[in-house]
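First comes the structure, then the notes that go with it.
Just so you know, all these numbers are worked out from the coordinates, no wet-lab data involved. Model, not experiment: these values are computed from the prediction. Here Cβ is always computed from backbone atoms with ideal geometry, including for glycine, and neighbour counts include all displayed protein chains.
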Amino acid sequence: MKWINHLAIAGATTALVSPALVPVALLGSTAPDWLEWALEKFGHRVRHRTLTHIMLYWIGALVFALVLWDFHGILAAFAWGGLSHVLADSFTVTGVPFSPFSDRRFHLFGGRLRTGDSGEYMVAWGVVGVCVVLALLFKPHGGAGWYPFFYDWAGLYQDGVVDAKEWKDNRLKFF
């Protein structure tokens with residue numbers, strides 16, 4: 001998959017849980033690819049979608065971060081970004097290795113997508129769309145609580161948080 005789609009999937013899914021961790025998840029969502037370049041700089045030539053794309057490594061990193069140790073969710077967000085990258089790559093024809101001990105490739109939904117084709121964009125932006133719908137469904141109503149993307153300007157005006165001018169300026173802005 002293209003990086004823009006990896007970024008969209010990781011960013012949208014992370015924003016549902018913790019908008020503050022989106023930049024870390026975005027960094028993690030490109031990590032399997034840039035780790036190949038980093039390893040090459042240290043003298044270890046790694047082919048694309050091999051060592052850095054092993055699904056069990058990213059699952060293990062996420063479990064480690066969630067269960068054993070994490071500092072404000074930073075490691076978990078990075079690991080989630082990497083895992084979302086590997087999961088997205090498993091939709092493609094080449095797939096990804098599931099474990100370092102297997103010579104077979106792991107494919108989700110038959111691995112029918114080709115990198116750069118329209119199906120890749122449909123899957124990625126479909127995930128973004130589902131995340132937007134979920135965000136709208138679980139939006140706090142009546143101005144209760146802070147919601148980072150879809151402000152309830154009318155509720156904020158009713159509660160006296162914003163003045164009439166700010167409400168009028170922002171009432172038709174949806175993002």
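Order by neighbour count: Trp125, Trp80, Trp153, Trp69, fewest other Cβ atoms within 10 Å first, most last. In increasing order of surrounding Cβ atoms, one gets Trp69, Trp125, Trp153, Trp80.
Comparing Tyr121, Tyr57, Tyr157 in a Gaussian network model of the chain, where Cα atoms under 10 Å apart are tied by springs, the biggest mean-square fluctuation is seen for Tyr157. For region 1-98, a simple Cβ point-charge model (Lys and Arg +1, Asp and Glu -1, everything else neutral) yields a dipole of about 200 debye relative to the Cα centre. Taking amide H as placed 1.01 Å from N in the peptide plane, the amide H of Val96 sits under 5 Å from that of Phe106, each at least 5 places away or on another chain. With R₀ set to 22 Å, the beta-carbon distance separating Met122 from His48 gives a calculated FRET efficiency near 0.40.
To the nearest 20 debye, what is the magnitude of the charge dipole of the chain about its Cα centre, counting +1 on the Cβ of each Lys and Arg and -1 on the Cβ of each Asp and Glu? Walk me through the intermediate numbers first.
Working: 14 positive and 13 negative charges, 91 e Å.
Dipole magnitude for the chain comes out near 440 debye.
The ranking of Ser29, Ser102, Ser84, Ser18 by Cβ neighbour count inside 10 Å, starting from the fewest, reads Ser102, Ser18, Ser84, Ser29.
The calculated 222 nm mean residue ellipticity attributable to helices in the chain amounts to -17000 deg cm²/dmol, summing -39500 (n - 2.57) over DSSP H runs of n ≥ 4 and dividing by all residues.
Within a straight-line Cα-Cα reach of under 20 Å, Lys165 can be paired with the following aspartates and glutamates, leaving aside sequence neighbours fewer than 8 residues apart in one chain: Asp152. Near Glu36, once Lys and Arg are set to +1 and Asp and Glu to -1 for all other residues with Cβ below 15 Å from its Cβ, the sum equals +1. Each of Val93, Val17, Leu35 was placed along the dipole of region 4-118 (beta-carbon charges, centred on the mean Cα), and the one lying farthest toward the positive end is Val93. By how many nm would the segment from Leu66 to Leu156 grow when fully extended, if each residue of separation counts as 0.36 nm and the alpha-carbon distance is taken off? Separation in residues times 0.36 nm, less the Cα-Cα distance, equals 28.9 nm.
With neighbours defined as other Cβ atoms within 10 Å of a residue's Cβ, the residues Asp89, Asp163 order from fewest to most as Asp163, Asp89. At an R0 of 41 angstrom, the distance between the Cβ atoms of Arg104 and Ala164 translates into a FRET efficiency of 0.05.
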